[in-house]
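Here the structure is laid out as C-alpha cells; the discussion comes afterwards.
The values are calculated or read from the model by the stated rules, or taken from the named source; none is laboratory data. Since we're looking at a predicted model, the values are computed, not measured. FYI the Cβ positions are ideal-geometry reconstructions off the backbone, even for glycines, and counts take in every protein chain you see.
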Amino acid sequence: MKPQIIMPEVGIHNADLESARTRLIQGDSYRDCSTVCIIPTRGGRSLHPRVVQSWFNLMPPMNQKFARLFATGMEVGDAYSQTLEQILANPELSKWKYLLTMEDDNLPPPDGLLRLLESIQNYDAVGGLYWTKGPGGQPMIYGDPREMPRNFRPQLVVPDQVQPCNGLGMGFTLFRMKMFKNKNIKWPLFKTRQEWLPGQGTANMTQDLAAFQQLAGLGYKFASDNRVKVGHMEVDSEEGLVW
C-alpha cells in the first residue's frame, strides 16, 4: 500500500452549506412537526399484514412527536369527526401541528409523511396519490381551483408534482391542525351526505369531499403530492390485489 498524504476533510454537507441549508428548509424537519394520526378501522375483521407492514415502515421526522389513534367499528365520517373533536379538546394533542389521516386499506410509502410535511408548506392540506378501486379507478384529486364555479371532478394526474386541487381522499392525507380551530366550521365536519334538500336537490357526497367543500369555502387550499404514491388494497381478495 502506497503512502498517502491525509488532507483535512470537512465532509460533503459542510463543503456546500448553502445546498444543505436549502435542503433542510425544504424538508421543514427543523420546525415542530408533531403529528397525530387518525385511523378508522372496520370492526370485526383483522388488518391485512401488508397494510400493517406499510404502517410500521412509515418514517416520522427525527425527534418529533408522532401518535396513532384508532377508531374502531364506527361509520367513517363519525370516526373522523368524533376523534378529531376529542383531539381538539385534549390539552396536549390540541397543541400539535398536524393531523394525518390513514385508512386500513391504504399502503403509504416509507417516506410518505416526510414528503407531505415538505409539500404542505404552501397549503393547508396535502394528500398522497391513490386511486379508487377497480379497473376504471379514478385519481383522488378532485377539482381544479382555477375553474369556477368550484367542482370536484377527478383531475388528470400531473406526474411527480404537487398538484393544487379542491378536494382529496383521506387514505393518506396531512392537515394543518390550526385549520380545524376555525370557529366558522360547522360540525360534524366529516359527514357522509345522502339527503334531499328542498329547493336545492340531492346531496350525495362522501365524508372527505363534504369536509373539503366546507373548508374550501372558508378559503383553505389543498394539493395532491403526486410524488407520494399510495397503494389501495383489496383487503378481501385472496391475491392481495393493490390498485
Apart from one, (1) over 28 Å from Thr83 (Cβ atoms); (2) at pLDDT 85 or above; (3) under 24 Å from the mean Cα position of the chain (by Cα) all hold for Arg23; the odd one out is (2)
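Conditions tested, residue by residue: (1) in contact with a Leu (Cβ under 7 Å, 6 or more places away or on another chain); (2) of a type outside the set (Gly, Ala, Ser); (3) loosely packed, with under 13 Cβ neighbours inside 10 Å.
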{"site": "Gly11", "(1), (2), (3)": "no, no, yes"}
{"site": "Thr35", "(1), (2), (3)": "yes, yes, no"}
{"site": "Leu47", "(1), (2), (3)": "no, yes, no"}
{"site": "Met59", "(1), (2), (3)": "yes, yes, yes"}
Of Tyr30, Tyr80, the only residue that is under 18 Å from the mean Cα position of the chain (by Cα), on the phi < 0 side of the Ramachandran plot and of a type in the set (Ser, Thr, Tyr) is Tyr80
Conditions (1) modelled with pLDDT of 85 or more; (2) in contact with a helix residue (DSSP H, G or I) (Cβ under 8 Å, 6 or more places away or on another chain) -> Tyr30 fails only (1)
The condition from (1) over 10 Å from the mean Cα position of the chain (by Cα); (2) farther than 22 Å from Val51 by Cα that Asp105 misses is numbered (2)
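So which strands (runs of 3 or more DSSP E) stay within the stretch 75-180 end to end and still have 2 or more residues that are touching a Pro at 6+ places or on another chain (Cβ under 9 Å)? Write out each step before concluding.
Values: elements: 98-102, 125-129, 162-165, 172-176.
Ranges flagged: 98-102, 125-129, 162-165.
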Those residues of the stretch 18-40 which are touching a residue at least 24 places away in the same chain (Cβ under 8 Å) and assigned to a helix (DSSP H, G or I) amount to Gln26, Gly27
Scanning the stretch 59-74 for residues that are closer than 16 Å to Gly171 by Cβ and touching a Pro at 6+ places or on another chain (Cβ under 6 Å) gives Ala71
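Conditions (1) touching a helix residue (DSSP H, G or I) at 6+ places or on another chain (Cβ under 7 Å); (2) more than 23 Å from Trp187 (Cβ to Cβ), marked per residue:
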position: Ile39; (1), (2): no, no
position: Leu58; (1), (2): yes, yes
position: Ala67; (1), (2): no, no
position: Pro108; (1), (2): yes, yes
position: Gly112; (1), (2): no, yes
position: Arg115; (1), (2): no, yes
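Could you grab me the full set of residues in the stretch 46-69 that are of a type in the set (Lys, Arg) and without any contact (Cβ under 8 Å) to a residue 40 or more places away in the chain? First the steps, then the outcome.
Residues of the stretch 46-69 that are of a type in the set (Lys, Arg), as a first pass: 50, 65, 68.
Answer for the stretch 46-69, where residues must be of a type in the set (Lys, Arg) and without any contact (Cβ under 8 Å) to a residue 40 or more places away in the chain: Lys65, Arg68.
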